[in-house]
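The values are calculated or read from the model by the stated rules, or taken from the named source; none is laboratory data. This one's a predicted model, so the numbers in the text were calculated from it and none came from an experiment. All Cβ positions, glycine included, derive from the backbone under ideal geometry; neighbour counts span all protein chains shown. We work out accessible area using only protein heavy atoms, side chains counted, and drop any ligands, DNA or RNA first. Shrake-Rupley method; radii C 1.70, N 1.55, O 1.52, S 1.80 Å.
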Amino acid sequence: MFVRTPLRIAALFLALAVALTAYASDSPSRVTWTSPSTDWNGTMPLGNGEVCVNTYYNAENSRLHLLVARADSWDELGRLAKLAEVCVEGFARWDAETPFEQTLDTETGCVTVRYGAEGAQTRLEIWVDVDRDVVVVEASSDQEFAARGFFYIWRGEDAGTVDKPEVSDMFWGSETPAVIRPDVFATANELGAADRIAVYHYNEPTPYFDEISKTQGLDDFPGRINPLQDRAFGCVLACAGAERVDDNSLLATPSLTARFEIAAHTTPAAETAQVWIDDANALLADAASASLESRRAARDAYWQALASRSWIRFSPNYGAEATDEERAALDAETFTVTQGCVLQRFITACQGRGAHAIKFNGGLFTTAPTSGAPGRHDYRRWGPGYWFQNTRLSYYPMLANGDFELMQPFFDMYFDILPLCEYRVKKYFGDEFEGSYYPECIYYWGDVFPETYGLTPWNEKEDPLQDSGYHKWEWVGGLEIALLALRYYEYTLDEAFLKDKALPFAFSIVKFFDSFYQVDPETGKLAMTPAQACETWWDCDDPAPEVAGLRAVLGKALELPADLLSASDRAYCEALLARIPEVPTTVDAESGQPMLAPAARFERLGNIESPELYPVFPFRLYSFDQPDVELAELAMERRRHKYAHGWFQDDLFFSYLGDRANLRANLSYRAKTHDPQMRFPAFWGPNYDWTPDQDHGGVLCAAAQSAVVQTTGRAIFVNPSCPKEWNAEFRTFAPMKTIVEGKIVNGEVVELKVTPEERAKDVVIVK
């Protein structure tokens, strides 16, 4: 039995009741609105993993708006731009005296709109084909209508320049103005068909990629190409039998039904715009070759399979003396946490199968900010770059979800640049250095942001590393990727992935630390300085994140059987592990007791993370079931910053330390705090990032999962930190291709099914 004493009271729940019930509906997998939206703050999300759509129906002009995005539509400025805003109008107007209903059903991946009086109803159905990058809009009515489709363009001839760069913009510090190139309408001759219109963006050359490469000494990396040049992206809007009125207007034949299809496509290296047009037309031809019924069936099967693969559903565990008010608050609380997890997973799946990792700062569902920031729908705070500490948080829930296919773009993006990262090490430090490190702030092709690296060429600097103190020695990212890859093998038992990707990557990362830092002859351990602890402490010895990461990665590698880790590699891991410093601790001034520390020595406070708790998460060296957990508990109590939103991971720390009361408080608060301007309950933010904040939802899902099941080695802990006030039904994945399904009622595990059955002996019930 594991018993934990709460660190703080949780008296806020009754105060949250009214706010929580505002989002209640009949099912956490559906969101229904009974009035139309008026702007982009009222959109619902859709996607197929690669193509995403924000959509809303505007009753003022009877117009359906669709904002289309892809994971690979990078413009010549390096920004992840939208493909287009597609508008469809011509429907009957909604009368406020008649019913209106708009519903997103996450188990069918479809948004439906129904409005109007009986006998005069209009029906819209919007979805994205799961087998091809085509958005479908089906319209029907009890009365004849003539729908018109067109594009709204904000990247026009007068779009101008971006005068104020975001921190990761490629043109930061460049003397070349950041000109927003206009979109182009395709002509009828180019399209070769009368039932469609198209708009596209074709990337023209800019100097930014070459400037950054040369400054950072990467311009002579073998095979170096500019991945942005000649990239083309956009949409073809088609409707069978429609009339092309002009280059930006498509009029359907008057009828009781109409179907518009939108090919949403990117051609990464198009020699001409016609190549992109032909590719997009081919998408539509492929869609036309399949029956609508089969495409609908594939859509439903995909989303239902996702929903049935794994789940967590919380429900109230009322106390015997609970009042009606307390019951209502607990109803709302458990529903909102459950719905938040369901909707975030749907949002992740909508954008998770693309060519690149999910952007933490809005993902593919950003819309035009109300602040009037440059770029309209293309704007996102912090810009186009990837911060690893933010990017990772979308991916931790995927292991327990069994959403392994969604992890591939993340792994591919970081694995693909491993040769560049190894090249950078030898270029900067010398041929005697081995392995690779991963800078915190990079573009998907591996270069560091110019704002972070600086504008002085690498060979003219005192040291070739980046200038920014926030990230100069922050190298924990490579260790986290390595551990996630090894854990991916642990869950899937995919030996090809382990041998070809996970182990080569992990050895490259640990060998860098081994060659960069020297052994202190007095201690026999690596003297890990210069170093820093996340962005928080800028001057450290033996930082906790890197020390814990090295110990976790090497330990996980050593757990592999003999046939998967060679004797020489095993000997190397054992020898290096013996040279890694101990996880740093310090003495609490108030109690005189030892606790985890950010580093063995730490100075120059620069941010508000809790690096001393990285040994708890993500590296799992300390948890409720492990020895010396008191070191982590006291560090948790004494942490400087205590929050339950954005990228803060307090929820996960509480969960892995078995603190049920504080986990309940954090999850409840996190699940209800979506962007107050946004109507959709899982569009979190803006927090520190942007709306919708993918970090916020990633932490929510991962912490909720770990409340019901946690694993250490072979052990499967059930009910390690589920709040006493919550019941739970769950189906979750565990290592060794294991599925754990069960129910927790009144704090007890009342049903449990483990597949395969032989893994049941590894289960530990926590009370």
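Against the main long axis of the alpha-carbon atoms of the chain, helix 544-558 sits at an angle near 90°. Rounded to whole numbers, the Karplus 3J(HN,Hα) couplings from phi for region 203-209 are 6, 8, x, 9, x, 5, 4 Hz, using 6.51 cos²θ - 1.76 cosθ + 1.60 with θ = phi - 60°, and x at Gly and Pro. Residue 82 sits among other residues whose Cβ lies under 11 Å from its own Cβ, and their net charge, with Lys and Arg +1 and Asp and Glu -1, is +1. Which of rounded, prolate or oblate describes region 523-562 when judged by the alpha-carbon gyration tensor and an a/c cut-off of 1.5? Since a/c reaches 1.5 but b/c is at least a/b, the shape of region 523-562 is classed as oblate.
If each residue of separation counts as 0.36 nm, what is the full-extension length gain between residue 153 and residue 640 once their alpha-carbon separation is subtracted? Walk me through the numbers on the way to the answer.
Working: separation 487, 0.36 × 487 = 175.32 nm, distance 4.70 nm.
Extra length from residue 153 to residue 640 when fully extended: 170.6 nm.
So what is the relative contact order of region 587-658, in percent, for Cα pairs below 8 Å that sit 6 or more residues apart? Mind dumping the intermediate values first?
Details: 70 pairs, mean separation 23.4, N = 72.
Once divided by the residue count of region 587-658, the mean separation gives 32 percent.
Phi angles of region 215-226 translate, via the Karplus equation with coefficients 6.51, -1.76, 1.60 and θ = phi - 60°, into HN-Hα couplings of 4, 8, x, 10, 5, 9, 5, x, x, 5, 9, 7 Hz per residue; Gly and Pro are given as x. By how many degrees, 0 to 90 and rounded to 10, does the Cα axis of helix 660-672 deviate from the longest principal axis of the chain? That works out to roughly 20 degrees.
Note on region 184-283: percent of Cα-Cα distances in each 5 Å bin, starting at 0 and stopping at the bin with the largest distance, equals 2, 13, 20, 17, 13, 10, 8, 6, 5, 3, 2, 1, 0. Any chance you could check the Cα centroid distance between region 193-265 and region 119-185 for me, in angstrom? Centre-to-centre distance over Cα atoms comes out at 10 Å. For the chain, adding -39500 (n - 2.57) for each run of n ≥ 4 DSSP H residues and dividing by the number of residues yields -9000 deg cm²/dmol at 222 nm. Note: region 467-558, Cα convex hull, 102 Å³ per residue. Packing, as the average of other Cβ atoms within 10 Å across residues, places the peptides 77-84, 89-96 in the order 77-84, 89-96, highest first.
If you look at the Cα atoms of the chain, you get an Rg and a Dmax of 26.7, 87 Å. Residues in region 595-612 carry Karplus couplings, in order, of 8, 4, 10, x, 6, 5, 9, 9, 9, 6, 5, x, 7, 10, 7, 10, x, 5 Hz; the curve used is 6.51 cos²θ - 1.76 cosθ + 1.60 with θ = phi - 60°, and Gly or Pro positions show x.
When both region 349-410 and region 90-106 are represented by their alpha-carbon centers, they are found 30 Å apart. Overall shape: prolate for region 612-673, with the ratio a/c of the largest to smallest alpha carbon gyration tensor axis at 1.5 or above and a/b above b/c. In vacuo Debye scattering of region 494-546, one point per C-alpha: log10 I(q)/I(0) at q = 0.21 Å⁻¹? Result of the Debye calculation: -0.81.
Modelled label positions at residue 724 and residue 255, each set 7 Å beyond Cα in the direction of Cβ, lie 6.3 nm from each other. Seen against the Cα atoms of the chain and their longest principal axis, helix 476-492 is set at about 80 degrees.
So what's region 241-387 giving for Cα Rg divided by 2.2 N^0.38 Å, two decimals?
Values: Rg = 22.5 Å, N = 147, 2.2 N^0.38 = 14.7 Å.
Rg over 2.2 N^0.38 Å, computed on Cα atoms: 1.53.
From the Cα trace of region 380-480, what convex hull volume per residue do you get, rounded to a whole Å³? Working shown, then result.
On the way: hull volume 11.3 nm³, N = 101.
Per-residue hull volume (Cα only) is 112 Å³.
In this structure, the amide hydrogen of residue 382, modeled 1.01 Å from its nitrogen in the peptide plane, lies closer than 5 angstrom to those of 167, counting only residues at least 5 positions away or on a different chain. Under the criterion of Cα pairs below 8 Å and six or more residues apart, the relative contact order for the chain equals 14 percent.
Kirkwood radius and radius of gyration were both taken over the C-alpha atoms of region 295-372, and their ratio Rg/Rh is 1.14. Extension gain for the segment residue 189 to residue 630, taken as residue separation times 0.36 nm less the Cα-Cα distance, is 151.5 nm to one decimal. So what is log10(I(q)/I(0)) for region 69-121 at q = 0.17, 0.27 1/Å, when the Debye sum runs over its Cα atoms only? Debye curve over Cα of region 69-121, log10 I(q)/I(0) at q = 0.17, 0.27 Å⁻¹: -0.76, -1.05.
Taken as Cα centroids, region 658-678 and region 470-549 sit 31 Å apart, rounded to the nearest whole angstrom.
Of the residues 587, 629, ranked by 1.4 Å probe accessible area with the largest first, the sequence reads 587, 629.
Rank by packing, highest mean first: peptides 635-647, 454-466, with packing defined as the count of other Cβ atoms within 10 Å averaged across residues. Before the final figure, lay out each step's value.
Numbers: 635-647: 18.2, 454-466: 14.2.
Top of the packing list down: 635-647, 454-466.
Note on region 199-241: the alpha carbon radius of gyration divided by the globular reference 2.2 N^0.38 Å gives 1.77.
The alpha-carbon positions of region 584-714 define a convex hull whose volume is 116 Å³ per residue.
When all alpha carbon pairs of region 113-187 are counted in 5 Å bins from zero, the resulting P(r) reads 3, 11, 12, 11, 12, 11, 12, 10, 8, 5, 4, 1, 0 %.
Report the local net charge at residue 325: Lys and Arg +1, Asp and Glu -1, summed over other residues whose C-beta lies under 13 Å from its C-beta.
Summing Lys/Arg as +1 and Asp/Glu as -1 gives -4.
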